[in-house]
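Here the structure comes first, spelled out in structure tokens, and everything after it is commentary.
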Number of protein chains: 2
Amino acid sequence: MPRFKVPEVTVERLSIYLRAIKNLEGDEILSSQELADLVGTSDGQVRKDLAYFGEFGVPGQGYRIAKLKQEIRHILGLDSTWGIAIVGIGNLGAALLTYPGFKREEFEIRAAFDRDESKIEKVWRGIKVQHVDKIPKVLSERQIKIGVITTPATSAQEVADKLAKGGVKGILNFAPVRISVPKEIRLKNVDLSMQLETLSYFLRKLT
Amino acid sequence: MPRFKVPEVTVERLSIYLRAIKNLEGDEILSSQELADLVGTSDGQVRKDLAYFGEFGVPGQGYRIAKLKQEIRHILGLDSTWGIAIVGIGNLGAALLTYPGFKREEFEIRAAFDRDESKIEKVWRGIKVQHVDKIPKVLSERQIKIGVITTPATSAQEVADKLAKGGVKGILNFAPVRISVPKEIRLKNVDLSMQLETLSYFLRKLT
């Protein structure tokens with residue numbers, strides 16, 4: 001494990017590297033330049049990112065793909081399964097419940113919550129929606145360590161408090177509002193419009 | 001405009017910087033260290049990111065906030081309005097149609113499309129869903145330059161082709177599949193599970 005604090009962007013790039021090599025043959029060796037080309041970054045950036053986590057390359061050649069996949073998965077904590085709860089089963093919550101990237105061996109949606117009585121007891125791909133008041137109980141019973149908030153802004157803080165009470169270690173917050181959580185919980189705010197802003201930059205250049 | 005190719009992560013950080021200073025007083029001066037602290041990166045990273053775009057700091061002090069906002073908005077192409085179309089009005093498409101971050105002066109959703117007859121003619125926040133076959137015509141009529149794909153994987157390529165025919169400059173693809181577009185179109189694939197992977201890393205460290 002790294003001796004220095006690893007920046008979040010480095011961690012995000014590990015996730016991008018992993019995606020880029022996912023379907024490559026494990027026996028091959030990939031140079032840092034080749035990996036850089038696959039994801040559109042520089043050779044130096046790849047080497048710097050991976051150097052945080054020690055040496056696992058083949059000196060002078062690059063990285064054996066199978067080993068690289070295994071190491072990145074290990075670094076990202078993807079060699080075990082995270083139990084997930086989604087809170088707020090509006091359009092976004094429902095989209096995530098059925099999103100293929102959220103249904104993998106590393107991430108297992110184990111519970112869904114809403115406060116709207118008309119949504120409770122409905123079943124989405126095998127997950128029954130329960131009342132938000134049950135969050136603390138269900139989370140500890142089902143070993144759920146990640147909470148995803150997809151409620152309107154007005155409910156997000158209350159939900160975060162319940163998730164904290166249920167013992168989550170991390171929260172992914174899609175609600176467009178700042179929430180506060182106890183310092184032992186890792187909070188990640190997701191703003192989908194950031195993707196539009198990045199696109200806007202590159203389009204602007206082309207005009 | 002920059003003399004060198006600017007990495008996508010730098011552009012993403014500009015978007016993060018802008019969000020961090022949005023509610024700060026315009027008259028104040030912010031040092032690169034203060035900006036770094038706001039977003040959880042390093043002083044050097046901030047200076048390096050901004051240096052791509054020339055000098056707009058106050059020498060020896062930092063950046064005047066009003067000027068910094070204006071410059072970043074300009075760099076990101078957010079000083080004009082982008083017309084947007086959303087294709088695929090399932091849960092995710094409907095979520096984006098009503099997502100606050102997608103309804104700002106910089107981004108204006110001007111059209112929504114689906115192929116499912118039961119969804120066509122329905123109105124979401126003032127936007128009437130139209131049949132996907134109308135994409136090329138509506139896009140050129142309504143000056144829509146960004147297409148957002150929220151269809152299932154199986155329809156994504158066909159939709160991308162229609163968007164290209166309609167003259168978009170950029171595509172944001174949420175469908176979990178690789179699509180190809182003409183080289184003059186900028187494609188950005190969005191994988192919502194990357195956010196989970198980043199979170200997983202930080203939780204793993206705490207265990």
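The values are calculated or read from the model by the stated rules, or taken from the named source; none is laboratory data. Please read all numbers here as calculations on a predicted model, not as lab measurements. Heads up, the Cβs are rebuilt from the backbone with ideal geometry, glycines too, and the neighbour counts pull from every protein chain shown. Ligands, DNA and RNA are stripped out before the accessible areas are found, and what is left, the full protein with its side chains, is counted by its heavy atoms. Shrake-Rupley method; radii C 1.70, N 1.55, O 1.52, S 1.80 Å.
Restricting attention to region A:81-100 and to residues that are open to solvent by 10 Å² or more (accessible area, probe 1.4 Å) and under 14 Å from the mean Cα position of the chain (by Cα), the residue that is farthest from the other protein chains (Cβ to nearest Cβ) turns out to be A:81.
You will find that of A:48, A:137, A:69, the residue that is farther than 30 Å from residue A:179 by Cβ, at pLDDT 90 or above and in a helix (DSSP H, G or I) is A:69 and no other. Taking the criterion of being closer than 20 Å to residue B:83 by Cα, within 12 Å of chain A (Cβ to nearest Cβ) and surrounded by 22 or more Cβ atoms within 10 Å (Cβ to Cβ), the residues of region B:152-189 that qualify are B:168, B:170, B:171, B:172, B:173, B:174. Of everything in region A:22-44 that is assigned to a helix (DSSP H, G or I) and within 14 Å of chain B (Cβ to nearest Cβ), the residue that is modelled with the lowest pLDDT is A:39.
Summed over region A:54-66, residues that are in a helix (DSSP H, G or I), open to solvent by 30 Å² or more (accessible area, probe 1.4 Å) and in contact with a strand residue (DSSP E or B) (Cβ under 6 Å, 6 or more places away or on another chain) total 0. Scanning region B:29-42 for residues that are out of contact with any Gly (no Cβ under 9 Å at 6 or more places or on another chain) and touching a residue at least 24 places away in the same chain (Cβ under 8 Å) gives B:39, B:41. The sole residue among B:135, B:146, B:127, B:179 that is assigned by TED's automatic domain parsing to the domain that holds residue B:87 and farther than 14 Å from residue B:112 by Cβ is B:179.
Among the residues of region A:101-117, the ones that are open to solvent by 70 Å² or more (accessible area, probe 1.4 Å) and under 21 Å from residue A:162 (Cα atoms) come to 3 in all. Do we find that residue A:5 is open to solvent by 40 Å² or more (accessible area, probe 1.4 Å) and not in a loop (DSSP other than H, G, I, E, B) in this structure? No: the conditions fail for residue A:5.
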